[in-house]
Amino acid sequence: MLKQMQERRGSDEGFTLIELLIAIVVIGVLSAVVIVGIGGLTNSGAKSACTASQDATKAGIAVHYSNTTPAVYPASVQLMVTDKELELNGGTVIVAGTPEIVKGTGWTYTYTQTGATAPVLGACVVP
């Protein structure tokens, strides 16, 4: 019995320190690649959310224009939200006045009413 235990002990093999270090380095490199990839997806999602909110604002402008007599463009995004002509999913108006700033999670755009002419939507800003 003792002889069998000694034979088994002699044949036990494990990983060397170098093999373990190589495995740790490979896992670290793969983790870094995944983290960088996920960061790009987050920015892409924020940009898409901002663009969708801008498109909804454009549609809200058209609805407001057709709902008013005489037809006028909305003075603010907040007015369209109050009149239920626009729903900013995930966005809120943070600065009233001209220009008006609309902010969501990870994005911002500006809205400017220029009198009787069509309103101007600023570019999406994703930090």
Exercise for the section: Kindly indicate the residue of region 78-87 that is touching a helix residue (DSSP H, G or I) at 6+ places or on another chain (Cβ under 6 Å) and aliphatic (A, V, I, L, M) and also nearest to THR57 (Cα to Cα) among those meeting that condition. Expected result: LEU86
Completion exercise
Of the residues in region 92-127 that are touching a Phe, Trp or Tyr at 6+ places or on another chain (Cβ under 8 Å) and among the small types (Gly, Ala, Ser), the one that is nearest to ILE61 (Cα to Cα) is ALA118
Handout entry: Of all residues in region 1-20 being among the polar types (S, T, N, Q) and modelled with pLDDT under 85, the one that is nearest to VAL126 (Cα to Cα)
Key = SER11
Completion exercise
Scanning region 75-118 for residues that are small (Gly, Ala, Ser) and either open to solvent by 50 Å² or more (accessible area, probe 1.4 Å) or part of a loop (DSSP other than H, G, I, E, B) (or both) gives ALA75, SER76, GLY90, ALA96, GLY97, GLY106, GLY115, ALA116, ALA118
Problem - ALA23, sole failed condition from (1) modelled with pLDDT under 90; (2) in a helix (DSSP H, G or I) - result: (1)
Practice task
Collect the residues in region 63-74 that are assigned to a loop (DSSP other than H, G, I, E, B) and in contact with a Pro (Cβ under 6 Å, 6 or more places away or on another chain), keeping them in residue-number order.
Solution key: TYR73
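Mind listing just one residue for me: the one in region 45-74 that is of a type outside the set (Ser, Thr, Tyr) and open to solvent by less than 30 Å² (accessible area, probe 1.4 Å) and, of those, nearest to THR105 (Cα to Cα)?
Per the criteria, the residue is ALA46.
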Practice task
Select from region 26-47 the residues that are of a type in the set (A, V, I, L, M) and modelled with pLDDT under 80 and write down the one among them that is farthest from PRO127 (Cα to Cα).
Solution key: ILE38
Practice task
Could you give me the residue pairs with C-beta distances under 9 Å whose first residue belongs to region 44-63 and is within 13 Å of ASN89 (Cβ to Cβ), whose second residue is polar (S, T, N, Q) and surrounded by 14 or more Cβ atoms within 10 Å (Cβ to Cβ) wherever it lies, and which are 6+ apart or on separate chains?
Solution key: CYS50/THR108
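The values are calculated or read from the model by the stated rules, or taken from the named source; none is laboratory data. On a predicted model such as this, the values are computed, not experimentally measured, just so you know. In this analysis, Cβ positions are derived from the backbone assuming ideal geometry, glycine residues included, and neighbour counts consider all displayed protein chains. What goes into the accessible areas is simple: the full protein's heavy atoms, side chains included, and nothing from ligands, DNA or RNA. Shrake-Rupley method; radii C 1.70, N 1.55, O 1.52, S 1.80 Å.
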